[in-house]
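Working notes, structure below.
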Number of protein chains: 2
Amino acid sequence: MSSVDQQLDDLRAEIAAEIPNDVSISDVTYEGPELVVYTRDPRTFAEKGDLVRQLAGKLRKRITVRPDPEVLTSPAEAEPEIREVVPEDAGVTELDFHPDTGEVVIEAEKPGMVIGRHGSTLREITSEVGWSPEVVRTPPIESSTVKNVRDFLKQERQERRDVLERVGRQIHREEMADDQWVRITTLGCCREVGRAAFLLSTAETRVLIDCGDKPGAEDEVPYLQVPEALGAGATNIDAVVLTHAHLDHSALIPLLFKYGYDGPIYTTEPTRDLMGLLTLDYLDVAAKEGRAPPYESEMVREAIKHTVPLEYGHFHVGDGYYNVAFSGDIHYDDTRLFNGAVNDFPRVETLVLESTYGGRNDYQTDQEDSERKLKQVIREAHDRDGKVLIPAFAVGRSQEMMLVLEEAMREGDIPTMPVHLDGMIWEATAIHTTYPEYLRDDLRERIFHEDENPFLAEQFNHIDGGEEERQEVADGDPAIVLTTSGMVEGGPVMSWLRHLASDARSTMAFVGYQAQGTLGRRIQNGRRELPLSDGDPTGRRETVTMEMNIETVDGFSGHADRQGLENFVRTMNPRPEKVLCVHGDESSAQDLSSALYHEYNMRTFAPRNLETFRFR
Amino acid sequence: MSSVDQQLDDLRAEIAAEIPNDVSISDVTYEGPELVVYTRDPRTFAEKGDLVRQLAGKLRKRITVRPDPEVLTSPAEAEPEIREVVPEDAGVTELDFHPDTGEVVIEAEKPGMVIGRHGSTLREITSEVGWSPEVVRTPPIESSTVKNVRDFLKQERQERRDVLERVGRQIHREEMADDQWVRITTLGCCREVGRAAFLLSTAETRVLIDCGDKPGAEDEVPYLQVPEALGAGATNIDAVVLTHAHLDHSALIPLLFKYGYDGPIYTTEPTRDLMGLLTLDYLDVAAKEGRAPPYESEMVREAIKHTVPLEYGHFHVGDGYYNVAFSGDIHYDDTRLFNGAVNDFPRVETLVLESTYGGRNDYQTDQEDSERKLKQVIREAHDRDGKVLIPAFAVGRSQEMMLVLEEAMREGDIPTMPVHLDGMIWEATAIHTTYPEYLRDDLRERIFHEDENPFLAEQFNHIDGGEEERQEVADGDPAIVLTTSGMVEGGPVMSWLRHLASDARSTMAFVGYQAQGTLGRRIQNGRRELPLSDGDPTGRRETVTMEMNIETVDGFSGHADRQGLENFVRTMNPRPEKVLCVHGDESSAQDLSSALYHEYNMRTFAPRNLETFRFR
């Protein structure tokens, strides 16, 4: 008998000893980090509200109770009873019954009302019908990604349970190693921006954090081939954690499955969906540009299937033996879309900190000034009867822009005019609104009320009519175009340049970081002759001459500036002992490392790629 | 056809084009780093002395020419002809004919006379008989290790050629990786003394440098299990380099073969033989102490079989793309046994430097003062009618002591009395004298003349009569006992303590570093009750009370002191850009690192184990 089977047997005996005699346990298994308890008496569990909490405390496990499939009423019987219990205002849009696990997935416009105060409505459902309810939000804006992901996970439900069971057994296996140590190996994004990838390893476990591409340098991928990563075989890695969905953090996650990785991806649900959206587009762009895609779309599906959703957090190694926080990309202050990054931790010894704007002169205009400048740029273009073309990342920056533009028009700071959203922006916005829990507090509240949801403002138009619609927009009245890609490296922005580049009345406004080697950076630097082969149906190489006004509006970056990074560290609680400055070019990372060392007397480093730091 | 086969075909064609038409080439293969050319006309090659040198220059390879076995005369015919050519004074003791490769191994007391000026006698042999001669020295002191190693290699000759051919093909394979980088991973001996092990890696190649044990902490072995070492499988390592034979550098080399390693060990011939001697003893000691030996003696033979002898050198990575020097254990000044360490290199960017005595107060008495003190300790014991018991490493320290004692007696500084050599000291001495090329210049000259060879002085007695002989010595007149182990961790020194501990007339003199946790260190620190279970035939635990005088004579260490280490770096040519201070306890390594940084403005580090440094 394996040690995990023995453990499950022991747990089953412990549970039996803890619960009342009239409650039966038919099976106990692991699914990911959860201990799943199947019972023939789900109603009793539901009625004794504290029983699960007591068990969880006693066993020190996260516990999920499910009904033994044998005791379930039929879905046909259960459905009307559930609809009876749930308030009509919850807006239930779908019920999905899964007899194999006794779960019913309830999709509703207002999930909170299905859950009830402290889960009271959920317990009531189980008391009535025995089924174990799970709640998901009906996307407020229809999202094909969310629908596809949910349909796919439904279809792959059995295989996904196998994945989760395997992951669960892996998590709960006996620890074998005598040694205790904690290391980080840098596999990318050191002294450079892009290809984020770190390996956090102990004697027992190796966790990969992020696996991104490098904008403007497609062939520079994370150093996955070294023995400490995948060189030792894909099973060398026990888990993958994805901090967020931007391609410089996520693009090569699916590649891991091509290399035979078969373990969990820990990330939030919105990041899972956005990763799905962005990586499929990444494959599409590669194909359009005639590059061999590094993996097939099947691998994106594998990544989604292997995702174990988590909320934000940091790494406790070995029950808090050592604690590492990875910043991902952060803002210290609130933005319009997100709350400022959390920097209050139970414990943390080492911080791995992004340094994109860590250079000694990297002070960004504050958001208020930036917005004032953007509005002025828009007004001027409007006065010239021109358009404003804004290349932006679909994820994050575009939603920030939408929020700025919606408010500016609502408050009359700029004329109300159409804002055309091209590329994946509409879809990315729909995903954001499906998970408002992850957005800034007051925005979340507005999304919950349909008539206040800023993303539903009528001036927003989803470009879904292709070239013809673009041509119409280009020929029409003043308007704003928000389009991908954010660094002018392919995508519909190339089409928009074909339509608008020669229009001296119009303005191209950069609102995000333009990496070395990208066309965006070259336009910023004054390049006038632009090669625009991408998107031309004849495949012909075409050059257009840039006549648009070029404006750069700082301050909307997805990254904190130097002051923000310092504030983040200064106010961090507890203050870490060590900081690794990563995800910035060489001088930015070194400047920040040196400043943090001198100001706060911490041990700081500006690592190179392929180094390993031992922390304990 | 593999790329290496293609390469060999090309080389064969190039050779054919270069040499005269009447010289035939029957085969071309790789053996380790050498290109072996078989010819039906070995005599022509021998007569045209420059031909091989020209070919080597043209092809940029090390070339060995051998006769096609088909054209060989019989050994019975060849032997008298060879004996005719070689001067009688050379003292030929054995001729070994190997018809498979056309080689004849000539063992002689004076190898130089078999070689002749610039190899003239060797070429004459080939001209006469066609066979390709190889010369080895007849050990001046009979050595069972040297004999066993030579017999074993003779017996395994065919398999060894397979190993060498595999190694050769590996060395000459096409380079596959686009990336260029150079890294060192610390697998042991960082902020500690013992378990030396480093991994030098590039995108194509991983080389393990040393693999030792840790005296006084048998369970602390190098971190071989991490993915970048053997965690990724034994074939992850392409080559092993052994700096010297001390067990803290060599003890776990044979373990690699148990783990499936099948590649070359690069080291010098004397180090190969000493490693064989010491690791077999290491297994023996483990068994005696009731510990499970980590590998079997068969693995020691595998290590010997896989050894590719080299002379001293440092690492040129990728034809000099990056150059790293590993100090091993060093002395800056000459000792009696060795010349001071070479610190003049064609190129070197990084130095990995031992720091055993790198602490800010680690100044050792200079050798002259040390010798004066040792002689005084000996005279005093002699005056008390006592003995002097000197625990010493068999390899290195013992030979230093023998040289000191021989001179002191010859010059009348101490009374001439027997010096008993116990444990492996005699054998280790025999190995040293077999390879005098590696010893200090003037010592080498003395060894070449039998009547001046200091190791043959008549007061040296090899204890080969076991307990009975020891008892006689203990009961007899004043004498010196030089015995293993050097840190009083098992070996015959334990027997000697049983015989001598209670003798207040006698002295125990420590002449080497005593690591934390060893019995030697505890005796030095004043411990009086000594547990001596080891070596007691009844297995009973026995305690003796220490009555001997305890003396510590500094200055005979195998390690440079702080001043020596600084001198080594200061006068190094060229001066390296970076220094990693290793093989010293935490404060020693950090002190040295800090001092070198401040004095010479180099980038210096005191790594921890399990870190990786990227150099380029």
Response to the item:
Considering the stretch B:565-577, residues that are surrounded by 21 or more Cβ atoms within 10 Å (Cβ to Cβ) and assigned to a helix (DSSP H, G or I), and then whichever is farthest from the other protein chains (Cβ to nearest Cβ), we arrive at B:F568
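Can you name the residue in the stretch B:538-560 that is within 15 Å of B:G490 (Cβ to Cβ) and exposed (fewer than 13 other Cβ atoms within 10 Å of the Cβ) and, of all such residues, is modelled with the highest pLDDT?
Step one: filter the stretch B:538-560 for residues within 15 Å of B:G490 (Cβ to Cβ), giving B:539, B:541-542.
Imposing the further condition that a residue be exposed (fewer than 13 other Cβ atoms within 10 Å of the Cβ) reduces the set to B:539, B:541.
Details: B:G539: 57, B:R541: 69.
Restricting to residues being within 15 Å of B:G490 (Cβ to Cβ) and exposed (fewer than 13 other Cβ atoms within 10 Å of the Cβ), the top hit is B:R541.
Only one of these is touching a residue at least 60 places away in the same chain (Cβ under 8 Å), in the same structural domain as B:V207 (by TED's automatic domain parsing) and open to solvent by 10 Å² or more (accessible area, probe 1.4 Å): B:E302, B:E349, B:E298. Name it. Let's see the steps before the verdict.
Working: B:E302 fails: touching a residue at least 60 places away in the same chain (Cβ under 8 Å); B:E298 fails: touching a residue at least 60 places away in the same chain (Cβ under 8 Å).
Every option except B:E349 fails the conditions.
Just give me the residues in the stretch A:23-38 being among the acidic types (D, E) and in contact with a Ser or Thr (Cβ under 7 Å, 6 or more places away or on another chain), in sequence order. Step through it out loud before you land on a result.
Of all residues in the stretch A:23-38, those among the acidic types (D, E) come to A:27, A:31, A:34.
Passing the criteria: only A:E34.
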Worksheet, complete the sentence: If we keep only residues of the stretch B:578-601 that are at pLDDT below 95 and part of a loop (DSSP other than H, G, I, E, B), then the residue nearest to B:V193 (Cα to Cα) is B:D585
Practice prompt. From (1) open to solvent by 10 Å² or more (accessible area, probe 1.4 Å); (2) at pLDDT 95 or above, pick out the condition that doesn't hold for B:D422.
Written response: (1)
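Looking at A:R206, A:R195, which one is under 25 Å from A:D585 (Cα atoms) and basic (K, R)? Quick ask: steps written out before the conclusion?
On the way: A:R206 fails: under 25 Å from A:D585 (Cα atoms).
Within the list A:R206, A:R195, the selection yields A:R195.
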Worksheet item: Can we say B:A509 is open to solvent by less than 10 Å² (accessible area, probe 1.4 Å), more than 23 Å from the chain's Cα centre (by Cα) and over 19 Å from B:D284 (Cβ atoms)?
Response: yes
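Which one of B:L252, B:L230, B:L247 is of a type outside the set (S, T, N, Q), in contact (Cβ under 8 Å) with a residue 12 or more places away in the chain and closer than 21 Å to A:Q225 by Cα? Give the derivation first.
Details: B:L252 fails: closer than 21 Å to A:Q225 by Cα; B:L247 fails: closer than 21 Å to A:Q225 by Cα.
B:L230 is the lone residue from the list that is of a type outside the set (S, T, N, Q), in contact (Cβ under 8 Å) with a residue 12 or more places away in the chain and closer than 21 Å to A:Q225 by Cα.
Please determine whether any residue of the stretch B:126-135 is surrounded by fewer than 16 Cβ atoms within 10 Å (Cβ to Cβ) and part of a loop (DSSP other than H, G, I, E, B). Before you say what the answer is, go through the steps one by one.
Step one: list which residues in the stretch B:126-135 are surrounded by fewer than 16 Cβ atoms within 10 Å (Cβ to Cβ), which gives B:127.
Filter once more, so that each one left must be part of a loop (DSSP other than H, G, I, E, B): none.
Within the stretch B:126-135, none of the residues are surrounded by fewer than 16 Cβ atoms within 10 Å (Cβ to Cβ) and part of a loop (DSSP other than H, G, I, E, B).
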Discussion item. For the stretch B:153-189: of the residues being within 10 Å of another protein chain (Cβ to nearest Cβ) and not in a strand (DSSP E or B), which is least open to solvent (accessible area, probe 1.4 Å)?
Written reply: B:W181
Fill in: Every residue from the stretch A:196-254 that is more than 14 Å from chain B (Cβ to nearest Cβ), aliphatic (A, V, I, L, M) and touching a strand residue (DSSP E or B) at 6+ places or on another chain (Cβ under 9 Å)
A:A196, A:A197, A:I209, A:A239, A:V240, A:V241, A:L242, A:A245, A:L252, A:I253
Worksheet item: Looking at this structure, is A:L283 among the aliphatic types (A, V, I, L, M), closer than 29 Å to A:E31 by Cβ and either open to solvent by less than 10 Å² (accessible area, probe 1.4 Å) or more than 12 Å from chain B (Cβ to nearest Cβ) (or both)?
Response: no
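For B:G490, state whether it is in contact with a helix residue (DSSP H, G or I) (Cβ under 7 Å, 6 or more places away or on another chain), on the phi > 0 side of the Ramachandran plot and surrounded by 17 or more Cβ atoms within 10 Å (Cβ to Cβ).
Numbers: in contact with a helix residue (DSSP H, G or I) (Cβ under 7 Å, 6 or more places away or on another chain): yes; on the phi > 0 side of the Ramachandran plot: yes; surrounded by 17 or more Cβ atoms within 10 Å (Cβ to Cβ): yes.
For B:G490, the condition - in contact with a helix residue (DSSP H, G or I) (Cβ under 7 Å, 6 or more places away or on another chain), on the phi > 0 side of the Ramachandran plot and surrounded by 17 or more Cβ atoms within 10 Å (Cβ to Cβ) - is met.
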Response to the item:
Flagged in the stretch B:34-67 as within 21 Å of B:G168 (Cβ to Cβ), among the hydrophobic types (A, V, I, L, M, F, W, C) and part of a helix (DSSP H, G or I), in numbering order, are B:F45, B:V52, B:L55, B:A56, B:L59
Worksheet item: Before we move on, is B:I390 in contact with a helix residue (DSSP H, G or I) (Cβ under 6 Å, 6 or more places away or on another chain) and of a type in the set (V, I, T)?
Response: no
Item to complete: Say whether the condition of being small (G, A, S) and without any contact (Cβ under 8 Å) to a residue 60 or more places away in the chain is met by at least one residue in the stretch B:101-109.
Response: yes
Worksheet item: Residues in the stretch B:8-16: is at least one under 26 Å from B:D262 (Cα atoms) and either more than 34 Å from the chain's Cα centre (by Cα) or surrounded by 16 or more Cβ atoms within 10 Å (Cβ to Cβ) (or both)?
Response: yes
Item to complete: Inspect all residues belonging to the stretch A:142-149 and state whether any of them is in a loop (DSSP other than H, G, I, E, B) and among the hydroxyl-bearing types (S, T, Y).
Response: yes
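Condition check ((1) surrounded by fewer than 18 Cβ atoms within 10 Å (Cβ to Cβ); (2) modelled with pLDDT of 90 or more) across all residues:
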{"position": "A:D319", "(1), (2)": "yes, no"}
{"position": "A:I330", "(1), (2)": "no, no"}
{"position": "A:Y357", "(1), (2)": "no, yes"}
{"position": "A:Y363", "(1), (2)": "yes, no"}
{"position": "A:D366", "(1), (2)": "yes, no"}
{"position": "A:V377", "(1), (2)": "no, yes"}
{"position": "A:R384", "(1), (2)": "yes, yes"}
Fill in: Residue satisfying all of: in the stretch B:586-616; hydroxyl-bearing (S, T, Y) and away from every other protein chain (no Cβ under 12 Å); most open to solvent (accessible area, probe 1.4 Å) among these
B:Y597
Worksheet, complete the sentence: All-but-one check, B:G276 against (1) more than 22 Å from B:S143 (Cα to Cα); (2) open to solvent by less than 20 Å² (accessible area, probe 1.4 Å), failing number (1)
Worksheet item: Here are A:L482, A:L443, A:L439: which of them is in contact (Cβ under 8 Å) with a residue 60 or more places away in the chain, touching a strand residue (DSSP E or B) at 6+ places or on another chain (Cβ under 7 Å) and of a type in the set (A, V, I, L, M, F, W, C)?
Response: A:L482
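The values are calculated or read from the model by the stated rules, or taken from the named source; none is laboratory data. Because the structure is predicted, anything quoted here is derived from the model rather than measured. Note that each Cβ is placed from the backbone with ideal geometry, even for glycine, and that neighbours are counted across all protein chains shown. We work out accessible area using only protein heavy atoms, side chains counted, and drop any ligands, DNA or RNA first. Shrake-Rupley method; radii C 1.70, N 1.55, O 1.52, S 1.80 Å.
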